[in-house]
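The values are calculated or read from the model by the stated rules, or taken from the named source; none is laboratory data. Owing to the predicted nature of the structure, the values given are computational and were not obtained by experimental measurement. Here the Cβ is made from the backbone with ideal geometry for all residues, glycine too, and neighbour counts use every protein chain on show. With ligands, DNA and RNA removed, areas are computed over all heavy atoms of the protein, side chains included. Shrake-Rupley method; radii C 1.70, N 1.55, O 1.52, S 1.80 Å.
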Amino acid sequence: MKKLVIIGASGHGRVIADIAELCGYHEIVFLDDDENIKNCGKYLVAGTSCRVGDIDSDVVVAIGNSDSRQRISDSVDEKRLVTLIHPDAVVADDVVFGAGTVVMAGTVVNSGTRTGKGCIVNTSSSVDHDCVLGDFVHIAVGAHVAGTVCIGDRTWIGAGATISNNINICSDCMIGAGAVVVKDIKESGTYVGVPAGKIRTDSFGRKAGQ
Ligand SMILES: CC(C)(COP(=O)(O)OP(=O)(O)OC[C@H]1O[C@@H](n2cnc3c(N)ncnc32)[C@H](O)[C@@H]1OP(=O)(O)O)[C@@H](O)C(=O)NCCC(=O)NCCS
(Lines give C-alpha, C1' and ligand atoms only; values in the text may rest on other atoms or scores of the structure.)
Protein backbone atom coordinates (compact mmCIF):
# COMPACT_ATOMS: atom_id res chain seq x y z
CA MET A 1 0.00 0.00 0.00
CA LYS A 2 1.72 3.21 -1.17
CA LYS A 3 1.10 6.16 1.13
CA LEU A 4 1.98 9.79 0.40
CA VAL A 5 2.00 12.94 2.51
CA ILE A 6 1.64 16.14 0.49
CA ILE A 7 2.76 19.25 2.38
CA GLY A 8 0.79 22.27 1.14
CA ALA A 9 -3.02 22.09 0.86
CA SER A 10 -3.55 24.14 -2.30
CA GLY A 11 -4.64 23.83 -5.92
CA HIS A 12 -1.05 22.93 -6.78
CA GLY A 13 -1.26 20.22 -4.10
CA ARG A 14 -4.42 18.78 -5.64
CA VAL A 15 -2.71 18.61 -9.05
CA ILE A 16 0.10 16.65 -7.40
CA ALA A 17 -2.43 14.38 -5.67
CA ASP A 18 -3.94 13.54 -9.08
CA ILE A 19 -0.49 12.58 -10.36
CA ALA A 20 0.21 10.55 -7.23
CA GLU A 21 -2.99 8.53 -7.72
CA LEU A 22 -1.99 7.86 -11.33
CA CYS A 23 1.41 6.74 -10.04
CA GLY A 24 -0.17 4.17 -7.72
CA TYR A 25 -0.52 5.93 -4.37
CA HIS A 26 -3.59 4.53 -2.62
CA GLU A 27 -3.51 6.66 0.50
CA ILE A 28 -2.86 10.40 0.33
CA VAL A 29 -3.05 12.90 3.17
CA PHE A 30 -2.19 16.58 3.26
CA LEU A 31 -0.39 18.64 5.89
CA ASP A 32 -0.56 22.43 5.99
CA ASP A 33 0.77 25.02 8.42
CA ASP A 34 -2.54 26.90 8.29
CA GLU A 35 -4.39 25.09 11.07
CA ASN A 36 -7.75 26.36 9.76
CA ILE A 37 -7.54 24.21 6.63
CA LYS A 38 -9.19 20.85 7.29
CA ASN A 39 -9.61 19.50 3.75
CA CYS A 40 -7.99 19.83 0.36
CA GLY A 41 -10.53 18.76 -2.25
CA LYS A 42 -11.46 15.20 -1.33
CA TYR A 43 -8.38 14.75 0.88
CA LEU A 44 -8.00 15.16 4.63
CA VAL A 45 -5.58 17.73 6.05
CA ALA A 46 -4.11 15.76 8.94
CA GLY A 47 -2.30 18.63 10.70
CA THR A 48 0.66 20.92 10.26
CA SER A 49 3.96 20.05 8.60
CA CYS A 50 5.42 19.23 12.07
CA ARG A 51 3.47 15.97 11.89
CA VAL A 52 5.45 14.67 8.92
CA GLY A 53 7.77 12.69 11.21
CA ASP A 54 4.79 10.82 12.75
CA ILE A 55 3.56 9.40 9.44
CA ASP A 56 5.25 6.46 7.71
CA SER A 57 5.01 7.51 4.06
CA ASP A 58 6.66 9.07 1.06
CA VAL A 59 6.57 12.87 1.01
CA VAL A 60 6.25 15.62 -1.57
CA VAL A 61 6.22 19.37 -0.86
CA ALA A 62 3.52 21.19 -2.85
CA ILE A 63 4.35 24.83 -2.19
CA GLY A 64 4.80 27.22 -5.13
CA ASN A 65 6.96 29.70 -3.24
CA SER A 66 10.53 28.52 -3.77
CA ASP A 67 11.91 29.67 -0.43
CA SER A 68 9.10 28.00 1.53
CA ARG A 69 9.39 24.87 -0.61
CA GLN A 70 13.12 24.74 0.14
CA ARG A 71 12.67 25.38 3.88
CA ILE A 72 10.05 22.67 4.31
CA SER A 73 11.87 20.21 2.02
CA ASP A 74 15.09 20.69 3.99
CA SER A 75 13.23 19.68 7.16
CA VAL A 76 12.22 16.30 5.66
CA ASP A 77 14.53 13.28 5.41
CA GLU A 78 15.62 13.39 1.75
CA LYS A 79 15.11 9.63 1.40
CA ARG A 80 11.36 10.20 1.89
CA LEU A 81 11.05 12.85 -0.86
CA VAL A 82 9.72 11.31 -4.06
CA THR A 83 9.76 12.47 -7.66
CA LEU A 84 6.33 12.35 -9.30
CA ILE A 85 5.98 12.31 -13.08
CA HIS A 86 2.56 12.46 -14.76
CA PRO A 87 2.11 9.47 -17.12
CA ASP A 88 1.38 11.93 -19.96
CA ALA A 89 4.72 13.72 -19.61
CA VAL A 90 7.29 12.91 -22.30
CA VAL A 91 10.64 12.46 -20.61
CA ALA A 92 13.84 11.22 -22.30
CA ASP A 93 15.46 8.10 -20.80
CA ASP A 94 18.58 9.87 -19.56
CA VAL A 95 16.88 12.78 -17.79
CA VAL A 96 17.78 12.99 -14.09
CA PHE A 97 15.36 14.61 -11.62
CA GLY A 98 16.36 15.63 -8.10
CA ALA A 99 14.39 14.35 -5.11
CA GLY A 100 11.00 15.97 -4.63
CA THR A 101 10.64 17.20 -8.21
CA VAL A 102 7.17 17.09 -9.78
CA VAL A 103 6.51 16.89 -13.53
CA MET A 104 3.00 17.75 -14.66
CA ALA A 105 0.81 16.61 -17.57
CA GLY A 106 1.70 17.60 -21.11
CA THR A 107 5.33 18.45 -20.42
CA VAL A 108 8.33 17.49 -22.53
CA VAL A 109 11.77 17.09 -20.98
CA ASN A 110 14.43 16.21 -23.50
CA SER A 111 17.68 14.28 -23.48
CA GLY A 112 20.59 15.25 -21.27
CA THR A 113 18.61 17.49 -18.94
CA ARG A 114 18.97 17.28 -15.17
CA THR A 115 17.24 19.07 -12.34
CA GLY A 116 18.09 19.70 -8.74
CA LYS A 117 15.86 18.98 -5.76
CA GLY A 118 12.28 20.15 -5.43
CA CYS A 119 11.76 21.48 -8.94
CA ILE A 120 8.36 21.98 -10.57
CA VAL A 121 8.00 21.34 -14.30
CA ASN A 122 4.46 22.60 -14.60
CA THR A 123 1.60 21.80 -16.96
CA SER A 124 2.37 21.94 -20.70
CA SER A 125 5.86 23.38 -20.26
CA SER A 126 8.99 22.09 -21.93
CA VAL A 127 12.64 21.84 -21.05
CA ASP A 128 14.76 20.92 -24.03
CA HIS A 129 18.03 19.00 -24.32
CA ASP A 130 21.03 19.38 -22.02
CA CYS A 131 19.52 21.90 -19.61
CA VAL A 132 20.59 22.16 -15.98
CA LEU A 133 17.99 23.35 -13.47
CA GLY A 134 19.20 24.11 -9.94
CA ASP A 135 17.34 23.26 -6.75
CA PHE A 136 13.74 24.47 -6.29
CA VAL A 137 13.41 25.92 -9.81
CA HIS A 138 9.84 26.32 -11.09
CA ILE A 139 9.07 26.17 -14.81
CA ALA A 140 5.50 27.52 -14.75
CA VAL A 141 2.60 26.46 -16.94
CA GLY A 142 3.26 26.77 -20.65
CA ALA A 143 6.82 28.08 -20.31
CA HIS A 144 9.45 26.85 -22.74
CA VAL A 145 13.14 26.44 -22.07
CA ALA A 146 15.27 25.83 -25.18
CA GLY A 147 18.37 23.63 -25.31
CA THR A 148 21.49 23.98 -23.14
CA VAL A 149 20.01 26.47 -20.69
CA CYS A 150 21.26 26.70 -17.10
CA ILE A 151 18.88 28.05 -14.43
CA GLY A 152 20.02 28.83 -10.88
CA ASP A 153 18.48 27.75 -7.59
CA ARG A 154 14.98 28.99 -6.71
CA THR A 155 14.45 30.83 -9.99
CA TRP A 156 10.88 30.88 -11.27
CA ILE A 157 10.23 30.97 -15.02
CA GLY A 158 6.74 32.53 -15.30
CA ALA A 159 3.76 31.23 -17.23
CA GLY A 160 4.29 31.18 -20.99
CA ALA A 161 7.81 32.61 -20.82
CA THR A 162 10.46 31.52 -23.31
CA ILE A 163 14.14 31.08 -22.59
CA SER A 164 16.28 31.04 -25.72
CA ASN A 165 18.98 28.41 -26.18
CA ASN A 166 22.43 28.52 -24.50
CA ILE A 167 21.27 31.04 -21.86
CA ASN A 168 22.39 31.13 -18.21
CA ILE A 169 20.01 32.57 -15.60
CA CYS A 170 21.35 33.04 -12.07
CA SER A 171 19.65 32.01 -8.83
CA ASP A 172 16.72 33.83 -7.18
CA CYS A 173 15.16 35.36 -10.29
CA MET A 174 11.51 35.82 -11.20
CA ILE A 175 10.99 35.78 -14.96
CA GLY A 176 7.56 37.31 -15.60
CA ALA A 177 4.74 35.67 -17.45
CA GLY A 178 5.24 35.86 -21.22
CA ALA A 179 8.82 37.17 -21.04
CA VAL A 180 11.41 36.18 -23.62
CA VAL A 181 14.96 35.85 -22.29
CA VAL A 182 17.60 36.22 -25.00
CA LYS A 183 20.67 37.19 -22.93
CA ASP A 184 22.28 35.75 -19.82
CA ILE A 185 20.85 37.05 -16.54
CA LYS A 186 23.66 37.51 -14.02
CA GLU A 187 21.90 39.45 -11.22
CA SER A 188 18.98 38.20 -9.13
CA GLY A 189 15.74 40.13 -9.58
CA THR A 190 12.47 40.32 -11.47
CA TYR A 191 12.58 40.48 -15.26
CA VAL A 192 9.66 41.00 -17.66
CA GLY A 193 8.93 41.71 -21.32
CA VAL A 194 10.28 40.95 -24.75
CA PRO A 195 13.24 40.95 -24.61
CA ALA A 196 13.26 40.52 -20.84
CA GLY A 197 14.47 43.47 -18.78
CA LYS A 198 14.84 44.00 -15.05
CA ILE A 199 12.02 45.78 -13.18
CA ARG A 200 12.94 44.92 -9.58
CA THR A 201 16.13 44.06 -7.75
CA ASP A 202 14.22 41.46 -5.74
CA SER A 203 11.97 38.66 -6.84
CA PHE A 204 8.93 39.82 -4.91
CA GLY A 205 6.51 38.22 -7.35
CA ARG A 206 8.27 34.90 -6.89
CA LYS A 207 7.97 35.27 -3.11
CA ALA A 208 4.26 36.00 -3.47
CA GLY A 209 3.64 32.56 -5.00
CA GLN A 210 1.90 30.16 -2.64
C1 LIG B 1 6.67 39.63 -13.03
C2 LIG B 1 5.73 39.67 -11.85
C3 LIG B 1 6.24 38.75 -10.76
C4 LIG B 1 5.73 41.12 -11.38
O5 LIG B 1 5.02 41.22 -10.21
P6 LIG B 1 5.26 42.55 -9.33
O7 LIG B 1 6.69 42.59 -8.90
O8 LIG B 1 4.21 42.51 -8.27
O9 LIG B 1 5.08 43.74 -10.35
P10 LIG B 1 3.81 44.67 -10.64
O11 LIG B 1 2.58 43.87 -10.85
O12 LIG B 1 3.81 45.75 -9.60
O13 LIG B 1 4.20 45.31 -12.05
C14 LIG B 1 5.27 46.23 -12.19
C15 LIG B 1 5.28 46.69 -13.64
O16 LIG B 1 5.68 45.61 -14.49
C17 LIG B 1 4.63 45.31 -15.43
N18 LIG B 1 4.55 43.85 -15.52
C19 LIG B 1 4.29 42.99 -14.52
N20 LIG B 1 4.34 41.74 -14.96
C21 LIG B 1 4.62 41.80 -16.28
C22 LIG B 1 4.78 40.81 -17.27
N23 LIG B 1 4.67 39.51 -16.98
N24 LIG B 1 5.06 41.22 -18.51
C25 LIG B 1 5.18 42.55 -18.81
N26 LIG B 1 5.03 43.52 -17.89
C27 LIG B 1 4.75 43.15 -16.64
C28 LIG B 1 3.36 45.91 -14.85
O29 LIG B 1 2.42 46.20 -15.85
C30 LIG B 1 3.91 47.14 -14.17
O31 LIG B 1 4.16 48.10 -15.14
P32 LIG B 1 3.89 49.69 -14.83
O33 LIG B 1 4.85 50.03 -13.71
O34 LIG B 1 4.23 50.34 -16.13
O35 LIG B 1 2.47 49.79 -14.43
C36 LIG B 1 4.29 39.20 -12.21
O37 LIG B 1 3.56 40.16 -12.91
C38 LIG B 1 4.30 37.92 -13.06
O39 LIG B 1 4.45 37.92 -14.27
N40 LIG B 1 4.16 36.80 -12.35
C41 LIG B 1 4.19 35.51 -12.98
C42 LIG B 1 3.05 34.66 -12.47
C43 LIG B 1 3.10 33.29 -13.06
O44 LIG B 1 3.76 33.01 -14.02
N45 LIG B 1 2.39 32.39 -12.44
C46 LIG B 1 2.44 31.02 -12.89
C47 LIG B 1 1.86 30.09 -11.88
S48 LIG B 1 2.05 28.42 -12.45
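Worth a mention:
- Dipole size of region 71-210 about its Cα centre, with +1 on Lys/Arg Cβ and -1 on Asp/Glu Cβ: approximately 440 debye, rounded to the nearest 20.
- Carbon plus sulfur fraction of accessible area for the chain, probe 1.4 Å, in percent: 50
- Rounded to the nearest 10 Å², the accessible area of Asp77 at probe 1.4 Å: 80
- Shown here for region 35-127: trypsin sites (Lys or Arg not before Pro) in loop regions (DSSP other than H, G, I, E, B) with at most 13 other Cβ atoms within 10 Å, namely Lys38, Lys42.
- The residue among Met1, Gly176, Asn165 whose Cα reaches farthest toward the positive pole of the charge dipole of the chain, with charges on the beta-carbon of Lys, Arg, Asp and Glu, is Gly176.
- Non-local lysine pairs in the chain, meaning eight or more places apart or on different chains, with alpha-carbon distances under 23 Å, amount to 15.
- Computed over the chain, relative contact order equals 12 percent, with contacts defined as Cα pairs under 8 Å that lie 6+ residues apart.
- Extension reserve of the Glu78-Thr201 stretch, reckoned as 0.36 nm per residue once the Cα distance is removed: 41.1 nm
- 0 to 90° range, to nearest 10: angle between helix 11-22 axis and the chain longest Cα axis: 70
- Here is the list for region 145-210: trypsin sites (Lys or Arg not before Pro) lying in DSSP coil, each with at most 15 other C-beta atoms within 10 angstrom of its C-beta, are Lys183, Lys186.
- Across the options Asn36, Thr101, Ser66, the greatest Cα extent toward the positive end of the charge dipole of region 1-141 (unit charges at beta carbon of Lys, Arg, Asp, Glu) belongs to Asn36.
- Checking every one of the GluC sites (Glu not before Pro) in region 19-71 against DSSP loop status and a limit of 10 other Cβ atoms within 10 Å picks out Glu35.
- 1.4 Å probe accessible area per residue over the chain, in Å²: 44
- MRE, 222 nm, helices only [DSSP H, n ≥ 4, -39500 (n - 2.57), over the chain, to nearest 500]: -3500 deg cm²/dmol
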